[in-house]
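**Student:** Sending over a structure as structure tokens; questions will come in a sec.
The values are calculated or read from the model by the stated rules, or taken from the named source; none is laboratory data. In this text the structure is predicted, and so the values were computed from the model without any measurement. Backbone-built Cβ (ideal geometry, glycine too); neighbour counts: all protein chains shown. The accessibility values were calculated without ligands, DNA or RNA, using every heavy atom of the protein model including side chains. Shrake-Rupley method; radii C 1.70, N 1.55, O 1.52, S 1.80 Å.
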Amino acid sequence: MDLDVVFLGTSGSTPTAQRGLSATLVRRGGDRLLFDCGEGTQRQLLRSDVGLVELEEVFLTHYHADHYLGLPGLLKTYALRGRDIPLTLYGPRGLRDLLGSLRRIFGRLPFPLDAVELDAGERLERQGYGIETFPVEHGVAAFGYSLVEDDRPGRFDVDAAERLGVPDGPPRGLLQRGETVTLSDGTTVGPEHVLGPARKGRKVTLAGDTAPASSVVDAASGADLLVHEATFLVDERARAKETLHSTAGEAALVAREAGVRLLALVHVSTRYFGHQVVEEARQLFPDTVVPRDFDVVEIPFPERGAPELVRAGARTGKTAVEG
């Protein structure tokens, strides 16, 4: 099952010629989940090889304008295209009020639009994974999201299956899926006889805008990828504290304490260049990257390697890899 993260907007508060406003697409198998929808998100999708897909779920971290102003245009475009499949928006309390205000802009829609207000600590169940909300520190109703896959079956022990007389083919497939089989001689074989310990699924944590917080450390514990803001560098630490944002170094400490495999820093201020942000963070957490718009982080299962940053992976193909 493929799992990756497409960075559609990585700028902080205001767009630049190179970076759009907050928007991150998580792709798992056939699922496409958009987290935040800053101004210009639909254009970023069109400029990428993702295209303007018929998203079914959009998740907002909070209601500062740079995280939701792309919604009216996206919804209006869907309407003009004659969309008829439902779309569900998720976010903290206040989402319905926000949507009511935005309706003056996008008008009547030909498709069902639902707004689901969540609280921190909830889990939305999906096929093979869940989406969990957690509190952050940003001074408004806000939280982050973690995509947490279900545990996977343990490794199949071929030697044990041979010893028990389990033939190749469907019986072994049933055992790998956790089902019990009965052999031709009447012997019953359960998955516990041929499977090793269950293996944890993958985990992606998107913190949204936040000051460094223990709640983020807890939520990101053991994550394969933590996407964390780094609006400031250490020279503006007082300003970061005042506005409840994070410095690159503070985000790196969060990643280190959480024991994540890779840290991706976003919400980059126009004050800085990406190399300045990554240099500060890597002093404390070497496995840090600063994605540009249209970069992709691929997240294989742990036994198949580490998460990798693919530069321009959503535009021109997988041309370069950075750890």
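**Student:** Looking only at region 171-211, filter to residues that are modelled with pLDDT under 90 and of a type in the set (D, E, K, R); which one of those is least open to solvent (accessible area, probe 1.4 Å)?
**Tutor:** By that ranking, first place goes to ARG199.
**Student:** Restricting attention to region 192-204, does a residue exist that is over 11 Å from the mean Cα position of the chain (by Cα), in a helix (DSSP H, G or I) and closer than 19 Å to GLU132 by Cβ?
**Tutor:** Within region 192-204, none of the residues are over 11 Å from the mean Cα position of the chain (by Cα), in a helix (DSSP H, G or I) and closer than 19 Å to GLU132 by Cβ.
**Student:** Being open to solvent by 50 Å² or more (accessible area, probe 1.4 Å) and either small (Gly, Ala, Ser) or in contact with a Lys or Arg (Cβ under 6 Å, 6 or more places away or on another chain) (or both) narrows it down to one residue among SER214, SER269; which is it?
**Tutor:** Exactly one of SER214, SER269 is open to solvent by 50 Å² or more (accessible area, probe 1.4 Å) and either small (Gly, Ala, Ser) or in contact with a Lys or Arg (Cβ under 6 Å, 6 or more places away or on another chain) (or both), namely SER214.
**Student:** Among strands (runs of 3 or more DSSP E) lying entirely in region 49-135, which contain 2 or more residues that are exposed (fewer than 15 other Cβ atoms within 10 Å of the Cβ) and out of contact with any Phe, Trp or Tyr (no Cβ under 9 Å at 6 or more places or on another chain)?
**Tutor:** Correct list: 123-126.
**Student:** Follow-up. Take region 21-47 and flag every residue that is assigned to a loop (DSSP other than H, G, I, E, B) and either among the hydrophobic types (A, V, I, L, M, F, W, C) or more than 21 Å from LEU102 (Cα to Cα) (or both).
**Tutor:** Across region 21-47, the qualifying residues are LEU21, GLY29, GLY30, CYS37.
**Student:** State which residue is least open to solvent (accessible area, probe 1.4 Å) when the search covers only region 137-154 and only residues that are farther than 27 Å from THR243 by Cβ and of a type in the set (D, E, K, R).
**Tutor:** The residue in question is GLU149.
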